[in-house]
Amino acid sequence: SFLAVAAVGAQVQQEPFLEITEGTGISIKCSHTNIRTGDFIHFYRQLPGRRPELVVVTAKASKKVQSPEGRLWVSADRRSSELWLERPRRGDAAVYYCALGP
């Protein structure tokens, strides 16, 4: 089982690809150095053959994520974030995107 991560847009930088063993925790990092005051940090995922779905959104607080189980961490200066998936399963294999916006 693997989780793929793709970069999207000029506003954020992401790792191009991550592959893990099922059940091993994984950290998906995102850098957004030009984040603006009103911007929220969004993480989406796109399962094969499906539309992107919102995983979690936050302004600055770290947040627990229910599905897939994990946590979103945000740096104190809001210039980077990290989606931690605790025990990803085969069904969590997807392209994970981070994005900035209202």
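The values are calculated or read from the model by the stated rules, or taken from the named source; none is laboratory data. In this text, all values refer to a predicted model and were calculated from it rather than measured experimentally. Cβ coordinates were reconstructed from backbone atoms using ideal geometry, including for glycine residues, and neighbour counts include every protein chain displayed.
Filtering Val65, Val55 for residues that are under 20 Å from Gly23 (Cα atoms), in contact (Cβ under 8 Å) with a residue 40 or more places away in the chain and surrounded by 10 or more Cβ atoms within 10 Å (Cβ to Cβ) leaves a single hit, Val55.
Just checking, does the range 58-80 include any residue being of a type in the set (Val, Ile, Thr), at pLDDT 90 or above, at negative phi and within 10 Å of the chain's Cα centre (by Cα)?
No: zero hits.
A search for C-beta distances below 7 Å between a residue of the range 22-42 that is outside any strand (DSSP E or B) and any residue that is basic (Lys, Arg), counting only pairs 6+ apart in sequence or on different chains, returns Glu22/Arg89; Glu22/Arg90; Gly23/Arg87; Gly25/Arg87; His32/Arg79; Thr33/Arg79; Ile35/Arg78; Ile35/Arg79.
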